[in-house]
Amino acid sequence: MKKLLIIFAMMFVLPVMADNMPFYKNAIPQRAIGVYQTSDAVKIYSSPEKDGVVIKTMNFSYNQETMPDGVFALLLNDRKLGFLYVSDIGDDNWIEVIYDKHTGAKGWVQTEDRFQFLPWISFYNMYGRKYGLRLLKDAPDEIKVLHSKCEEISQSIGKLNHVKKIKLTAIRGNWALVSVYDLDKTLKIGYIRWRGDDGTIYAFPDIK
């Protein structure tokens, strides 16, 4: 009976785990400067040159059972939407991506259009403003304080407690202008830090 219950539970849990989303700070490399949207196939080179050595070729089915682990910054199989972390940029639309999050292995890909590579600001403006933000689970408590200005010494105008959704209005450097409804159902508008000065990210677009 116990085994049947475990199998039954796994039928519902595994499909969810097949997608990927960062929930903790260390899931996002501090050296990442943005994300690269994958296509059905990605060819990774050792250097930003077409005649360079191909170090890895990946083909993506977006089938939950066959998608690789430890590759994606963000993956939603049902939407066929996947992103890799980008660590550097070169000439002629070449970018350096992290294709193995476990080892930190990197290589170069050439983008096909200007929307494949999204620096963090562009990524947040595109997806954060559409879906809102989600605080990472280990974000420090001081990140949950709303400020009147995008300055650490500015007035505190509230704190985020059990917030269901954080609506992003604008990005100002490492600060985000947001509006939230908290437990008391009062609208609060102010600035929170979405990223630290050292590159640590505290809030991520809540893409669904």
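The values are calculated or read from the model by the stated rules, or taken from the named source; none is laboratory data. It should be emphasised that the depicted structure is a prediction, and the values quoted were computed from it without experimental measurement. Methodologically, a virtual Cβ is constructed for each residue, glycine included, from the backbone with ideal geometry; neighbour enumeration extends over all protein chains shown. These area figures cover heavy atoms from the full protein model, side chains too; ligands, DNA and RNA do not enter into them. Shrake-Rupley method; radii C 1.70, N 1.55, O 1.52, S 1.80 Å.
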Carbon and sulfur atoms: what percent of the 1.4 Å accessible area of the chain do they account for? 53
Neighbour-limited loop hits for trypsin sites (Lys or Arg not before Pro), the range 129-188 (at most 15 other Cβ within 10 Å; DSSP other than H, G, I, E, B): Lys137, Lys149, Lys164, Lys165, Lys185
Spelling it out for Gly34: with amide H atoms placed in the peptide plane at 1.01 Å from N, the residues 5 or more places away or on another chain with amide H under 5 Å from its amide H are Val86, Trp120
For Ala170 and Lys130, compute 0.36 nm times the residue count separating them, minus their Cα-Cα distance, and round to one decimal in nm. 13.3 nm
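What FRET efficiency, computed as 1/(1 + (r/R0)^6) with R0 = 30 Å and r the Cβ-Cβ distance, is obtained for Asp141 and Glu65, rounded to the nearest 0.05?
Calculated transfer efficiency: 0.15.
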Could you tell me which of Pro48, Leu75, Ala105 has its Cα farthest along the dipole of the range 45-108 towards the positive end, charges placed at Cβ (Lys, Arg +1; Asp, Glu -1), taken about the Cα centre? Leu75
Which of the pairs Lys43/Lys137; Lys56/Lys137; Lys50/Lys208; Lys25/Lys130 have their Cα atoms more than 29 Å apart in this structure? Lys43/Lys137; Lys56/Lys137; Lys50/Lys208
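Taking the Cα centre of the chain as origin, work out the dipole magnitude from +1 charges on Lys and Arg Cβ and -1 charges on Asp and Glu Cβ, in debye rounded to 20. Can you show the working numbers first?
Working: 28 positive and 24 negative charges, 202 e Å.
Charge dipole, the chain, about its Cα centre: 980 debye, nearest 20.
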In degrees, nearest 10, the alpha-carbon axis of helix 2-18 is tilted away from the dominant principal axis of the alpha carbons of the chain by 90
Residue among Ala32, Met21, Gly199 farthest towards the positive dipole end of the chain, charges placed on Cβ: Met21
Please go through the range 101-191 and write out the chymotrypsin sites (Phe, Trp or Tyr not before Pro) that DSSP classes as loop and that have at most 15 other C-beta atoms within 10 Å. Phe115
Identify the residues of the range 159-184 with backbone N under 20 Å of a label point that sits 7 angstrom from the Cα of Asp197 along the Cα-to-Cβ direction, or state none. 172-177
Just grab the label-to-label distance for Lys188 and Lys159, each label 7 Å out from Cα along the Cβ direction, in nm (one decimal). 0.9
Heavy-atom accessible area per residue of the range 64-115, all protein chains kept, 1.4 Å probe, expressed in Å², is 53
Cα gyration tensor shape of the chain, rounded if a/c is under 1.5, else prolate or oblate by comparing a/b with b/c: oblate
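Grab the other residues whose beta carbon is less than 11 angstrom from that of Lys159, score K and R as +1, D and E as -1, and report the net.
It works out to a net charge of -1.
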Just add up the charged neighbours of Trp94: K/R +1, D/E -1, any other residue whose Cβ is under 10 Å from the Cβ of Trp94. -4
